[in-house]
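Participant: Okay, handing you the structure first.
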Amino acid sequence: MTESPGKAASAAGSQGDGFPGLAGRLTTDGRHPVLVPEDWGRYLDTSEWALGSDGLPFRTAARVLVVTQDSDVLLLEGHDAADPDHSWVFTPGGGLRPGEDPREGAARELAEESGIGVVPTDLEGPVAHREAIFRFATVTCRQDEIFFLLRLPDRCAVGKEGWTALERDVVDSIAWWSPQELHSAQERGQEIYPVRLPALLGELAAGWSGKILDLTDPVDAEVLAQLTAHPRQRPEPLSKDPDD
């Protein structure tokens, strides 16, 4: 599954200074009572997602930055199932299967989403890491993303044959973007994730430096810090009547 949107502050219910909806108690089933509805499993694959200690569904994902020698980059564009007017552009990738190696997961996801088949050792890295918090449908999620780099000499053909039913529903396109097209889209207000991607294309096309980049968006970092600073607690179990 591919989702990688942002909008962390709005997802977390930010109002003014701080994030007043973050502190308090979890529901009895471990959910954040404001950000995660009871039926969250309708929207997320529970084989990939599990409720974390903060009450948000959490998973680890592997992604691939596919870049040509001309700094063109392969990206998908998708929309929110609950808000079709909210769209974003993002990199190929998705959640890891239980016990799956991130590099192998990245290669699998790339093949499923683009038709580009590579062996895991073709991927450089991991070259970057991103902590993300975002809303998908009606659910606020938290995701750790591990990025690998695939450098190609030129653009190649891509296909949708491996897309899941959900991807066909919420992903609108997969295409190559030039650096100019990506910069222009971002300037027009198009959401692009990671946010720093347009500025990194030249560096990535030239080759990985060996330094792992932190691509966590500043707004996500702020919300995650608030979640850590104000952990929610599970309610205490009801004490049993000694006469029972």
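Matching residues to (1) part of a strand (DSSP E or B); (2) open to solvent by less than 20 Å² (accessible area, probe 1.4 Å):
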| residue | (1), (2) |
| --- | --- |
| T60 | yes, no |
| V66 | yes, yes |
| S87 | yes, no |
| E104 | no, no |
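Participant: Here's another thing I want to ask about it. Which of the residues spanning segment 62-86 are touching a Pro at 6+ places or on another chain (Cβ under 9 Å) and small (G, A, S)?
Facilitator: Within segment 62-86, A62, S71, G78 meet the criteria.
Participant: Sort through E100, E38 and tell me the only one that's assigned to a loop (DSSP other than H, G, I, E, B), within 26 Å of W163 (Cα to Cα) and open to solvent by 30 Å² or more (accessible area, probe 1.4 Å).
Facilitator: Details: E38 fails: within 26 Å of W163 (Cα to Cα).
After applying the criteria, what remains is E100.
Participant: With the structure loaded, tell me whether V127 is open to solvent by less than 30 Å² (accessible area, probe 1.4 Å), closer than 18 Å to I192 by Cα, at pLDDT 95 or above and among the aliphatic types (A, V, I, L, M) or whether it fails that test.
Facilitator: Values: open to solvent by less than 30 Å² (accessible area, probe 1.4 Å): yes; closer than 18 Å to I192 by Cα: no; at pLDDT 95 or above: yes; among the aliphatic types (A, V, I, L, M): yes.
Against the criterion (open to solvent by less than 30 Å² (accessible area, probe 1.4 Å), closer than 18 Å to I192 by Cα, at pLDDT 95 or above and among the aliphatic types (A, V, I, L, M)), V127 does not qualify.
Participant: In segment 68-78, which residues are over 19 Å from G162 (Cα atoms) and open to solvent by 10 Å² or more (accessible area, probe 1.4 Å)?
Facilitator: Answer for segment 68-78, where residues must be over 19 Å from G162 (Cα atoms) and open to solvent by 10 Å² or more (accessible area, probe 1.4 Å): Q69, D70, S71, D72.
Participant: Which one is least open to solvent (accessible area, probe 1.4 Å) among residues in segment 199-209 that are touching an Asp or Glu at 6+ places or on another chain (Cβ under 9 Å) and farther than 15 Å from P153 by Cβ?
Facilitator: For segment 199-209, the residue satisfying everything is L201.
Participant: Can you pull out the residues in segment 169-198 that are in a loop (DSSP other than H, G, I, E, B) and open to solvent by 10 Å² or more (accessible area, probe 1.4 Å)? Lay out the reasoning, then the answer.
Facilitator: Applying the first criterion (in a loop (DSSP other than H, G, I, E, B)) to segment 169-198 yields 178, 188-191, 193-196.
Hits for segment 169-198 are S178, R188, G189, Q190, E191, Y193, V195, R196.
Participant: Could you check, for segment 107-130, whether at least one of its residues is charged (D, E, K, R), under 17 Å from the mean Cα position of the chain (by Cα) and assigned to a strand (DSSP E or B)?
Facilitator: Looking through segment 107-130, at least one residue is charged (D, E, K, R), under 17 Å from the mean Cα position of the chain (by Cα) and assigned to a strand (DSSP E or B).
Participant: Ok, one more. Among (1) at pLDDT 95 or above; (2) on the phi < 0 side of the Ramachandran plot; (3) touching a Leu at 6+ places or on another chain (Cβ under 8 Å), which single condition is D70 missing?
Facilitator: Every listed condition holds for D70 apart from (3).
The values are calculated or read from the model by the stated rules, or taken from the named source; none is laboratory data. Every value quoted in this text rests on a predicted model; they were computed, and no experiment measured them. Using ideal geometry, Cβ is built from the backbone for each residue, glycine included, and neighbour counts are taken over all protein chains shown. All accessible areas refer to the heavy atoms of the entire protein, side chains included, with ligands and DNA or RNA removed. Shrake-Rupley method; radii C 1.70, N 1.55, O 1.52, S 1.80 Å.
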